[in-house]
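Below is one structure, written out as structure tokens; comments come after it.
The values are calculated or read from the model by the stated rules, or taken from the named source; none is laboratory data. Quick caveat: nothing in here was measured; it's all calculated off a predicted structure. Here the Cβ positions follow ideal geometry from the backbone for every residue, glycine too, while neighbour counts run over all protein chains shown. Accessible surface is based on the protein model in full, side chains and every heavy atom, while ligands, DNA and RNA are left aside. Shrake-Rupley method; radii C 1.70, N 1.55, O 1.52, S 1.80 Å.
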Amino acid sequence: MSTKDFIEKDFYKVLGVPKDATEAEIKKAYRKLAREYHPDANKGNAKAEERFKEISEANDILGDPKKRKEYDEARALFGNGGFRPGPGAGGGSFNFDLGDLFGGGAQGGGAPGGFGGGIGDVFGGLFNRGGPGTTRTQPRRGQDIDTEVTLTFTEAIEGATVPLRMSSQAPCKACSGTGDKNGTPRVCPTCVGTGQVARGSGGGFSLTDPCPDCKGRGLIAEHPCLDCKGSGRAKSSRTMQVRIPAGVTDGQRIRLRGKGAPGERGGPSGDLYVVVHVGPHPVFGRKDDNLTVTVPVTFTEAALGGEVKVPTLGGPSLTLKLPPGTPNGRTMRARGKGAVRKDGTRGDLLVTVEVSVPKDLSGKARDALEAYREATAGEDPRAELFEAAKGA
């Protein structure tokens with residue numbers, strides 16, 4: 001519906017309320033009429049359906065204080081739908097072109113009554129549309145970009161700044177993002193530059209879809225740019241340095257706000273999503289926020305106890321005390337030597353003891369072990385195993 005049609009309609013009469021009606025009175029009148037003329041209560045009645053649309057239209061304007069104020073001012077300016085002659089008009093007829101009022105003004109750049117730029121601009125906020133030739137187009141957010149990066153185990157734990165080469169859609173450089181090779185696109189007449197068109201869904205509600213003619217841009221190129229074929233967007237490649245935070249895990253997807261493709265017509269940039277792949281480490285493993293390492297120890301260190309040096313990731317080694325009789329496979333914890341957590345603290349280093357069995361023995365070592373076997377000949381470490389098997 002055009003701006004002229006909106007102004008000429010008396011929404012107060014449609015709802016049956018006076019011009020000084022309160023918000024509560026308008027709401028009450030709308031609800032009463034909506035129940036009476038709702039399509040569900042008047043199936044197959046085209047007149048009732050049309051009446052319901054008029055009621056919904058009127059409520060959309062009068063039920064919003066800001067829209068109602070602008071509507072009242074517009075009605076006052078035009079004398080409730082007809083142009084009000086100024087002083088000296090002499091009461092005679094006054095011929096004028098409404099297209100001048102709602103378009104770009106009278107010939108020569110000035111609008112009647114001194115409204116430079118066209119009355120259509122005055123009502124643009126009320127009806128969400130502009131007059132012919134206006135360029136009230138919507139900003140467009142840039143595309144989100146997905147990419148991948150492979151880090152070493154240490155980089156994933158400590159964090160790293162890595163170069164990423166990305167390809168995305170960006171404003172075409174040849175036409176400065178206008179889509180027109182002359183840089184002078186026109187406003188789409190279908191959506192009037194909004195990039196969206198209304199789609200009725202019944203019940204007085206409406207949804208919006210991207211405009212099919214301008215593909216949501218709000219602009220149509222009269223002379224399409226050869227590089228971007230009139231879309232205003234072209235493929236662009238760039239390399240940027242991206243900081244990957246410490247403590248990321250293999251397969252984690254990181255969102256970097258505003259690092260995606262640049263927006264259009266002042267719109268914000270999209271986001272960058274980075275999927276992280278982490279390579280293995282020859283010594284260390286990972287379990288949640290903890291690092292893991294397996295440390296070989298000798299039989300005598302495990303049996304008699306002792307001090308064992310343990311490597312750490314990227315730092316000096318630490319010394320762990322093995323208590324006498326430490327069994328194979330026992331895991332001990334070194335606090336604060338693990339991966340970085342989200343709050344900046346670190347997990348632990350889990351050290352698993354693995355008793356090392358020598359493959360080759362010197363004569364002296366063999367004699368010592370033979371003596372040990374004779375000294376412990378009466379002990380059977382498997383006795384409890386067999387007892388448990390019998391009782392099961």
Single condition Gly285 does not satisfy, out of (1) at pLDDT below 95; (2) of a type in the set (Gly, Ala, Ser); (3) under 47 Å from the mean Cα position of the chain (by Cα) = (1)
Pick out the one residue from Ala156, Ala234, Ala246 that is touching an Asp or Glu at 6+ places or on another chain (Cβ under 7 Å) and closer than 27 Å to Leu291 by Cβ.
-> Ala246
Check whether at least one residue in the range 197-208 is within 30 Å of Leu291 (Cα to Cα), under 22 Å from the mean Cα position of the chain (by Cα), of a type in the set (S, T, N, Q) and exposed (fewer than 13 other Cβ atoms within 10 Å of the Cβ), and report yes or no.
-> no
Would you mind stating whether Pro316 is part of a strand (DSSP E or B) and modelled with pLDDT under 95?
-> yes
Which condition does Thr249 not pass, out of (1) surrounded by 14 or more Cβ atoms within 10 Å (Cβ to Cβ); (2) assigned to a loop (DSSP other than H, G, I, E, B); (3) hydroxyl-bearing (Ser, Thr, Tyr), if it passes all the others?
-> (1)
Selection from the range 209-232 of residues assigned to a loop (DSSP other than H, G, I, E, B), within 23 Å of the chain's Cα centre (by Cα) and either modelled with pLDDT of 80 or more or surrounded by 23 or more Cβ atoms within 10 Å (Cβ to Cβ) (or both) yields Cys211, Arg217, Gly218, Gly232
Looking only at the range 306-323, which residues are surrounded by 14 or more Cβ atoms within 10 Å (Cβ to Cβ) and either at positive phi or among the charged types (D, E, K, R) (or both)?
-> Gly306
Take the residues of the range 256-269 that are within 16 Å of Leu164 (Cα to Cα) and open to solvent by less than 20 Å² (accessible area, probe 1.4 Å): which is nearest to the chain's Cα centre (by Cα)?
-> Gly260
Determine which member of the set Gly142, Gly193 is over 20 Å from the mean Cα position of the chain (by Cα) and within 20 Å of Pro268 (Cα to Cα).
-> Gly193
When residues of the range 325-352 are filtered for being open to solvent by less than 80 Å² (accessible area, probe 1.4 Å), in a loop (DSSP other than H, G, I, E, B) and over 21 Å from Thr154 (Cβ atoms), how many remain?
-> 4
Can Gly179 be described as buried (at least 20 other Cβ atoms within 10 Å of the Cβ), of a type in the set (Gly, Ala, Ser) and at pLDDT 80 or above?
-> yes
Filtering the range 277-313 down to residues that are touching a helix residue (DSSP H, G or I) at 6+ places or on another chain (Cβ under 7 Å) and assigned to a strand (DSSP E or B) yields Val278, Val308
Matching residues in the range 262-307 - criterion: being among the aliphatic types (A, V, I, L, M) and under 30 Å from Leu320 (Cβ atoms) | Val278, Val283, Leu291, Val293, Val295, Val297, Ala302, Ala303, Leu304
From Gly315, Gly266, grab the single residue that is of a type outside the set (Lys, Arg) and within 30 Å of Arg140 (Cα to Cα).
-> Gly266
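For every residue, the table says whether it meets (1) free of Cβ contacts under 8 Å to residues at least 40 places away in the same chain; (2) within 42 Å of the chain's Cα centre (by Cα); (3) open to solvent by 90 Å² or more (accessible area, probe 1.4 Å).
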site	(1), (2), (3)
Phe11	no, yes, no
Lys32	yes, yes, yes
Ala48	yes, no, no
Glu54	no, yes, no
Asn59	no, yes, no
